Every structure is written in structure tokens, then in C-alpha cells.
1. What are the residues in the range 410-422 that are surrounded by fewer than 24 Cβ atoms within 10 Å (Cβ to Cβ) and either of a type in the set (A, V, I, L, M) or in a strand (DSSP E or B) (or both), if any?
2. Being open to solvent by 20 Å² or more (accessible area, probe 1.4 Å) and hydroxyl-bearing (Ser, Thr, Tyr) is the filter here, so list the residues in the range 131-153 that pass it.
3. For the range 154-166, what are the residues that are more than 10 Å from the ligand (Cβ to nearest atom) and buried (at least 16 other Cβ atoms within 10 Å of the Cβ)?
4. Only one residue in ALA287, ALA246, ALA218 is within 16 Å of the ligand (Cβ to nearest atom) and at pLDDT below 95, so which one is that?
5. Would you check which residues across the range 207-235 are part of a loop (DSSP other than H, G, I, E, B) and either farther than 18 Å from LEU369 by Cβ or not hydrophobic (A, V, I, L, M, F, W, C) (or both) and list them?
6. Within the range 306-336, restricting attention to residues that are assigned to a helix (DSSP H, G or I) and farther than 14 Å from ILE60 by Cα, which residue is nearest to the chain's Cα centre (by Cα)?
7. When the range 124-150 is examined, which residues are found to be in a helix (DSSP H, G or I) and within 10 Å of the ligand (Cβ to nearest atom)?
8. Considering only the range 91-113, state which residues are hydrophobic (A, V, I, L, M, F, W, C) and within 16 Å of the ligand (Cβ to nearest atom).
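The values are calculated or read from the model by the stated rules, or taken from the named source; none is laboratory data. Treat the numbers as computed from the prediction; the structure is a model and nothing was measured. Please note: Cβ atoms are built from the backbone with ideal geometry, for glycine as well, and neighbour counts cover all protein chains shown. Calculation scope for accessible area: heavy atoms of the full protein, side chains included, ligands and nucleic acids excluded. Shrake-Rupley method; radii C 1.70, N 1.55, O 1.52, S 1.80 Å.
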Amino acid sequence: MRTIIATVTARAVLPRSFAKQYPVAARAEGARIWDIDGREYTDLSGSAAVNFIGFGVDAIADAMAAQARQLPFVHSSQFTSEIAERFAAEVLEFAGAAFEGGAVFFTCGGSEAVETALKLARQYQVETGHPDRFEIISRRQAYHGATLGALAVSGNTARRAIYLPMVREFEHIDMPYCYRCAFNCENCGHQYAQELRAAIEHSAGRAAAFIGEPMSGATLGAVAPPSDYWPEIAAICREHDLLLIADEVMTGFGRTGRNFAMEHWNLQPDIIVAGKGIGSGYAPLGAVIASPRVVSALRQGSGTLIHGFTYNAHPVSMAAGSAVLERIRTGDLVKASDSHAGSIGKPFAKALHTMAKHEAVGDVRGLGLLWGVEFVQDRATKKSFPAEMKFSSRVAAAAMKRGVLTYPMQGSIDGKNGDHLLLAPPAVERERLLEALDQLSDAIAEAADHAAR
Ligand SMILES: Cc1ncc(COP(=O)(O)O)c(C=O)c1O
């Protein structure tokens, strides 16, 4: 233990913030993490919407260890592996009938998967005789990853600002946000979707694809669109021969009470991007799930995917992913996160809505086990707290003091102003999660009290 503390003091790991003291995590089980001093944290944010099945599931560790013993690695330019083929078939089945006959490209996480999807969309257009199509239309207030390509299609101002000179930018459109609706919620699903039509027209035949999170993730904080939004977006993409990429890195693998969030709107994208919950934190893992249309364009075209990473389809990650999916199935965890009677999602949502008793809570929104709590200084006008106050970080710090982990974000309104917390717990330990929500309520009261002084 002493060695660990010495290493931490030396700060050999480049930290996210030099201003912050990070506790040193020692072990985890279910929805809880313990640090090396024995302090317990209940994780209401699943780290960053990662842990879905709960930590400490022996079957996952066993599957990974067995795979590491038998075949730790092969390079995808030389071999495929039994475990990768098996897991790909399982993922295609989990994605539904529209993906039967499709194929999966596995990565080490969400950003790599988004990069892959963008390149796949470009290659699809080239293979099908449209070499002029290379632009990817995306949305402001979206987050698709940290690599430069993923950052180019993201709209998260704080995470992009200093890198903008380095990225190639295409059209961004607005994202439905009914709490602060640009169209006063008058036929707003249609109006937001029409922005895509305008962007395509502006791109003058260069648009290759549209990428969006079916339900917004961290940047806007779990906002679901009006019900007619995605069907109309899908129709516009079809009409103009754009591929539709659903970024389900945060929302996929059961998080919103469906296998993929797209199912809430009967959406059938051409490509699904997955990450986070697919490995539930047990292994670095992401996936690009391509529909048969995309795969056959490559197969019948050049026959070569002009893309690859050394570690794609890593066998140990494949073993982890397959065992995680098995756990999702046997534990009926997709249902557990939904709002059926007896689920975790239903009482979680109910308890979360009681947060509205705090004047500082403007909006509570979400689906399944992906929720956003937006804070306001004035409920009537929806005026946000001054950005310098970092209100959501204050709530998160007050919660952390109580042993509760959350995911604070700023910039929900315009990239700078607006505060919210993202909550995305694992679908386990229902009573403990509900107790942690009580503690979160106290934390909100404490932060609001300080802000008012
Ligand atoms: C919707 C979405 N896409 C992509 C990413 C990038 O994933 P990763 O951080 O695993 O690279 C994230 C991460 O938060 C995300 O929320």
C-alpha cells in the first residue's frame, strides 16, 4: 500500500487536472468503488456512463483470464479469432434484424469507433461512385470523441476550442432541446430536422453522412428528442443518399432501457457506433456495427477496408465483451434499466423527479438509466448560474464529500453557460442507488445554499 501512495505523490500519471487531488481507487463491486483509505463511493454516473452490469462479476474476469492464457493477441491483418467472430455475431444479433448480414469492426473505445465510422462512411460513398461526398454533418452540443476527426464532428465547445485550428470542420446543426426550445415546441421535431435538409443543400452534393447521438449524452445531458425527429432525419438522409450514423457510445447496450436507444424511435441507422457499456469498464472496447448495405458496398467494390488499428478486435477485450453481453442477457439488465414495474429504472426516475423540490433544479430528463438534472438560478426565467460559479461542479463536490459520484457538466445552453449533472448508474444495487439519490439531494441543497450567500 505504501508503494502506491509514494507513486501517487510522485504524480507519474498525467492528471486531467493539476488542481485536483484524486483519490486512489483500490477495488470495486456492484455500483461501488473503494479507495485505498477504505472510503466507499456509490457511483451514480457509472464513472462516465461506462459501468452498466456492475463491477465484481467473476465470470467476466474468468473469461478474460482464460482468453489471455489461450490466445492473448493476433493482428487483424493476419488472423481473425474464434472469440472475435463469436462476439461479432452476438453483437449483430443484439442490434436487431436490420443488421443481420452486416459486420462489426471492434476498437478500443468510442473515439476510435467514431473515427472508423466516419472513414467507413467516406469509403462507402467512394465505393458506390460518389467520390465527391466527404462531408459529415453533425450537431452542435454533441460529443463524439477526443480524437481530431471525432472532435471535428463534435460540438462540445470547451473540449474543442483550442484544437479548432487543427480540425477540418463541416456543417453543424442544432439539436432538439425542448426545455429551451428554439421553436417554442411548435412542431419542433420537424423544425429541427429541417436544419439537416438546409445543411445538405448548403453542402452542394458533398455530404456523405449525418452523425448524431439518438439521445444526447454528456454535453446536453440526456435530452430525448420529440418523437417525430428521428423518423424525419432518417427520411431526409435516405432522400439525399447520406449514411445515417447513430452514435450509441453512451446510450447503447441497455443504458436507456432498450438494446440501443434508436429503438425508442424505430430508427434504423446504416451504422451504429458503440463503446462504454459494451465492455462495461472491464476492458477497453468499442464497436462499429455496419448494416449489410455498407458491408456489401465494400465487398462488391474494392474489397478492402482502408483502415485499421493494431489492437482492433483484441481477443481479451472480445472475451470481456461477450461475457458482459451474456451478463446483460442473463440478468435481464436491459429491462432492469427500463421503467417497468420491479425495475431499477422506474424507482430511480421517480426519486430523481423529487429533486424538483429544489429551486435550483430546472429540469429533470432522461430515459432508462441515463438522466440529466439541469440547474438554474431562477426557475421562472430559466436563467442559469454564472458560468464562473461552476455550479454543477459544486454539486458534484458536495456529493463526492458524501461518497456519491456524479458527472458534472457545464455549457448545456450554449457551450459556456448552463449547468447539469449526468447520472448513469449501473443496473444493480437498487436500494443503494436510491440512498445515494437522497445524499445527492442534500448535496444540491448545500451547493444552492452556498450559491445564495
Ligand atoms: C456519444 C459519445 N461518443 C463518443 C465518445 C468517445 O468515447 P471514448 O471516450 O471511449 O473515446 C463519447 C465519450 O464520452 C460519447 O459520449
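1. Within the range 410-422, GLN410, ILE413 qualify.
2. TYR143, THR147
3. Within the range 154-166, GLY155, THR157, ARG160 meet the criteria.
4. Criteria check complete, one pass: ALA218.
5. Matches in the range 207-235: GLU213, PRO214, SER216, GLY217, THR219, GLY221, PRO225, PRO226, SER227, ASP228.
6. Applying the filter and picking the extreme gives VAL334.
7. ALA150
8. Taking the range 91-113 and keeping what is hydrophobic (A, V, I, L, M, F, W, C), we get 91-92, 94-95, 97-99, 103-106, 108, 113.
Answer for the range 91-113, where residues must be hydrophobic (A, V, I, L, M, F, W, C) and within 16 Å of the ligand (Cβ to nearest atom): PHE105, PHE106, CYS108, ALA113.
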